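To start, the structure itself, in structure tokens.
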Amino acid sequence: MANNFYIGPDGQRYYYHAMPTEKAATPSNQTADIRRMFVENSSFPDLAYARQEEEFFDPYTGEYKKVGDYKYSDADLQRIYGMEGADTTAQGDIFRRMTNENIDPLVAESYARMAEFAPIIGTEIAVERGKDATRQAIDAYRQGDNKMAAMGVLDAVLSGVDAVGTMAPFYGTAKRGASGLIDMAINAVRRKR
């Protein structure tokens with residue numbers, strides 16, 4: 001029990017997430033099921049049982065991994081698997097292109113998630129999600145499930161707000177461009193007369 005912590009590079013004491021006992025050393029049934037499902041259905045089956053080759057300290061999460069620990073946690077595998085069947089084509093394309101260039105799938109998944117906040121790509125993702133939510137709301141309403149229909153409508157509205165918010169940096173430029181285009185058309189019509 002005395003060795004359940006380590007001293008990080010900053011001199012702080014960090015505790016292991018699992019106590020080093022025999023029980024913690026054997027993977028749980030849920031972990032085994034997640035890893036088995038990942039091997040059977042994922043494009044990256046070798047990631048499920050990849051092991052750490054050197055000690056690793058993540059300064060952002062405070063997580064410490066020893067040599068021999070799984071390189072990817074259950075949550076990491078679920079995030080990667082979820083992005084493989086991405087709910088939007090833009091995020092799926094970003095993920096696939098990055099993994100085709102041999103970038104770590106977890107890094108590619110993070111970049112695809114961050115694309116939601118980029119002005120033009122984020123708007124496209126929000127519009128696509130809004131269309132999907134609208135379809136789901138209509139289907140739920142036809143089946144008589146009013147609760148799911150209301151949730152779908154709310155999701156569509158939130159996607160619309162998201163689309164408007166991600167395009168906010170371009171409103172001033174678009175307004176000036178549109179008014180300039182209208183002025184140019186009006187002047188062209190006046191010159192013809």
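The values are calculated or read from the model by the stated rules, or taken from the named source; none is laboratory data. Since the structure is predicted, the reported quantities are computational estimates derived from the model, not experimental observations. Note: ideal-geometry Cβ built from the backbone for every residue, glycine included; neighbour counts use all protein chains shown. Calculation scope for accessible area: heavy atoms of the full protein, side chains included, ligands and nucleic acids excluded. Shrake-Rupley method; radii C 1.70, N 1.55, O 1.52, S 1.80 Å.
Inspect all residues belonging to the stretch 55-72 and state whether any of them is at pLDDT below 80, assigned to a helix (DSSP H, G or I) and farther than 18 Å from ALA112 by Cα.
Checked the stretch 55-72: no residue is at pLDDT below 80, assigned to a helix (DSSP H, G or I) and farther than 18 Å from ALA112 by Cα.
Please pick out the residue among PHE5, PHE38 that is touching a Pro at 6+ places or on another chain (Cβ under 8 Å) and at pLDDT below 85.
PHE38
Name the residues in the stretch 121-137 that are among the β-branched types (Val, Ile, Thr) and over 17 Å from the mean Cα position of the chain (by Cα), would you?
Within the stretch 121-137, just THR134 meets the criteria.
Taking the stretch 78-92 on its own, how many of its residues are surrounded by 16 or more Cβ atoms within 10 Å (Cβ to Cβ) and either assigned to a helix (DSSP H, G or I) or in contact with a strand residue (DSSP E or B) (Cβ under 6 Å, 6 or more places away or on another chain) (or both)?
Here the count works out to 7.
Given the condition open to solvent by less than 90 Å² (accessible area, probe 1.4 Å), under 30 Å from VAL164 (Cβ atoms) and small (Gly, Ala, Ser), answer yes or no: does some residue in the stretch 64-75 qualify?
No, the conditions are met nowhere in the stretch 64-75.
Residues ILE186, ILE138: which one is at pLDDT 90 or above, farther than 30 Å from PRO45 by Cβ, open to solvent by 60 Å² or more (accessible area, probe 1.4 Å) and not hydroxyl-bearing (Ser, Thr, Tyr)?
Values: ILE186 fails: at pLDDT 90 or above.
Result: ILE138 is the single residue among ILE186, ILE138 that is at pLDDT 90 or above, farther than 30 Å from PRO45 by Cβ, open to solvent by 60 Å² or more (accessible area, probe 1.4 Å) and not hydroxyl-bearing (Ser, Thr, Tyr).
Could you list, in sequence order, the residues of the stretch 123-148 that are touching a helix residue (DSSP H, G or I) at 6+ places or on another chain (Cβ under 6 Å) and closer than 15 Å to GLY92 by Cβ?
GLU124, ILE125, ARG129 - these are the residues of the stretch 123-148 that are touching a helix residue (DSSP H, G or I) at 6+ places or on another chain (Cβ under 6 Å) and closer than 15 Å to GLY92 by Cβ.
Restrict the check to the stretch 99-107 and report whether at least one residue is closer than 30 Å to MET148 by Cα, open to solvent by 40 Å² or more (accessible area, probe 1.4 Å) and in contact with a helix residue (DSSP H, G or I) (Cβ under 9 Å, 6 or more places away or on another chain).
Quick first cut of the stretch 99-107, residues closer than 30 Å to MET148 by Cα only: none.
No: the stretch 99-107 contains no residue that is closer than 30 Å to MET148 by Cα, open to solvent by 40 Å² or more (accessible area, probe 1.4 Å) and in contact with a helix residue (DSSP H, G or I) (Cβ under 9 Å, 6 or more places away or on another chain).
Out of the residues in the stretch 149-176 that are open to solvent by less than 50 Å² (accessible area, probe 1.4 Å) and over 23 Å from ALA90 (Cβ atoms), state the one that is nearest to the chain's Cα centre (by Cα).
ALA149
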